[in-house]
Structure formats: structure tokens, C-alpha cells
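Worksheet: one structure, shown below.
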Amino acid sequence: MRPYHQIPIFECGEPLIKIPLELFAVESPHPYEKLGATYGDRSPYYLRQSVIEKLIQAQNYLQLLHPNWRIQIFDAYRPIAVQQFMVDYSFAQAVRDRGLTDVELSPNQRQEIWEAVYAIWALPSLDEKTPPPHSTGAAVDVTLVDDAGQIVNMGSPIDEMSERSHPDYYANSDRPEAQNYHAHRQLLQNVMLKAGFQRNPREWWHFSIGDQMWAWLNNQSNPANPVTARYGRLT
Ligand SMILES: C[C@@H](N)C(=O)N[C@H](C)C(=O)O
Ligand SMILES: [Zn+2]
């Protein structure tokens, strides 16, 4: 259980619809499909209707500051089967990165790797009270692309299992390069927050609106006016 799982969900029934990809930049091929994740008759490029409207709003705010920059969509809707696939893939990759194989892992090593995996991935829970954020169609992983079509350097790749994924990792650095990374992360956060999203406190790229994490973060900063979640798991 994460603290945001205490938030009650009152599903509003808003449809999951195709993102108008022509408006945005898009990571292509899709990063998880490339690894073998299958979506059946679904696609990762779907979100709830008003989440898409808010994403367009965020990009409009971005373009007031930087005309011709775009939000790049890395991932959006994620069925629970894909959440499970990515959790398993990330565990296996972390084992390989340590130069080990699954059978060689000591109980301590196994636990340490699972902790690293679940530091950034949500549990692929089938319980309707604790859905993984992307399985609600309300969460999106994004970065920025500049007017030359280049991905803006945020100082670490999306999905890296390290401290560098923390949004404020570069906040107190004296290095001009690191200050740039922090400024880019702040720019992304500012335009997304202005449109109503909240950012995952552990990941510079993950934003959501209307799900449990969003409600929990809202309630942390504004306890006098608590909100609940309006998007639950989609089947
Ligand atoms: C790991 C990243 N892509 C992500 O989406 N993390 C959140 C917490 C999730 O799994 O929902
Ligand atoms: Zn995410």
C-alpha cells in the first residue's frame, strides 16, 4: 500500500479515448511495445477525455513561453497486464545489470532488487481500491521537445531506477549543466501543474489528474479542501 491508496475512488465513467498524437511529439516506437509488451485491442496512446484536454492546455502554456516546443508523450494508458510485464522486465534487467542470473540471487539481493523496482513502478494490483495509476487512464509520462525537434535534456532518462529520477535531484547543484536539467524539469512541472496535473514526487516525468495519487498530493498541499479520485481502474 502506498499512502495515496487511502483515497476513495468515485468512478465518473468518462471514456478512454485516443490521444490526438498529431498535436504532440511522441516517443516512437512505443518504449514498452518495443520490449514485447502487448496491448491487444488497446493502445498505450489513450487517456481519459478531460486528461487529454488538460494535456493540450499544458502544451499551450508551454508554447506561450517557448513557441514550437512540444510535450513528448512517452507512455499513457497501461493495462494491468502491461504493468505486470514492465515490473517483471525491470526486475530481470536489474538482475542482468548486476552481472547476475536469477538462480544466483541471495534472498537479500532479491529483496534489494524488488525494492529498487517498486521504488519507481506501481504494484500491478488487481484490487479495484488500489489500481496502478496508468491503468486508470489518468496518468501520463512526458518530457519536452524543443523547436529543433530535439529532446530537452532532463539529466536522466525516463524510467531510470536511480536517485536521478527524483524531480529535485539536481536542485542544489553548482554545475551549470545540472542547473539546466533542473530548470527543464521545473519548466515541465510548471506547465503541467498550471493545467491541473500533479507530479509524482519520485519521478520527474510522471503526471496525473483525477486519480488517487493526484488527489492525495492535492490534499497534502490543501488539507482544508480534500478531494477524492474520479478515475479508477479500467477493465
Ligand atoms: C516507472 C514509470 N514509468 C511509472 O509509470 N511509474 C509509476 C509509479 C507507475 O508505475 O504507475
Ligand atoms: Zn508514469
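The values are calculated or read from the model by the stated rules, or taken from the named source; none is laboratory data. As the structure is a computational prediction, the values presented were derived from the model and not from experiment. Glycine also receives a Cβ, built like all others from the backbone with ideal geometry; neighbour counts cover every protein chain displayed.
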Subset of segment 41-59 (residues that are over 20 Å from R185 (Cβ atoms) and in a helix (DSSP H, G or I)): Q49, S50, V51, I52, E53, I56
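Across segment 188-213, what is the total count of residues that are in contact with a Phe, Trp or Tyr (Cβ under 9 Å, 6 or more places away or on another chain), within 12 Å of ligand 1 (Cβ to nearest atom) and closer than 18 Å to T130 by Cα?
Here the count works out to 6.
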Residue selected from segment 92-117 under the condition assigned to a helix (DSSP H, G or I) and β-branched (V, I, T), by the criterion surrounded by the fewest Cβ atoms within 10 Å (Cβ to Cβ): V103
Those residues of segment 12-34 which are farther than 16 Å from Q72 by Cα, without any contact (Cβ under 8 Å) to a residue 24 or more places away in the chain and part of a loop (DSSP other than H, G, I, E, B), in sequence order: G13
Out of Q212, Q179, sole residue that is modelled with pLDDT of 95 or more and closer than 22 Å to P3 by Cβ: Q212
Of all residues making up segment 199-221, the number that are of a type outside the set (A, V, I, L, M, F, W, C), crowded, with 24+ Cβ neighbours inside 10 Å and outside any helix (DSSP H, G or I): 4
Options Y231, Y170: the member that is surrounded by 14 or more Cβ atoms within 10 Å (Cβ to Cβ), over 16 Å from the mean Cα position of the chain (by Cα) and of a type in the set (S, T, Y): Y170
Failed item, numbered, when Y89 is tested on (1) of a type in the set (S, T, Y); (2) assigned to a loop (DSSP other than H, G, I, E, B); (3) at pLDDT 95 or above: (2)
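This table checks each residue for (1) without any contact (Cβ under 8 Å) to a residue 40 or more places away in the chain; (2) more than 12 Å from ligand 1 (Cβ to nearest atom); (3) among the hydrophobic types (A, V, I, L, M, F, W, C).
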| position | (1), (2), (3) |
| --- | --- |
| M86 | no, no, yes |
| A94 | no, yes, yes |
| T101 | yes, yes, no |
| S106 | yes, yes, no |
| W114 | yes, yes, yes |
| V117 | no, no, yes |
| P124 | no, no, no |
| P132 | no, no, no |
I71, sole failed condition from (1) away from ligand 2 (no atom under 16 Å from the Cβ); (2) in contact (Cβ under 8 Å) with a residue 12 or more places away in the chain: (1)
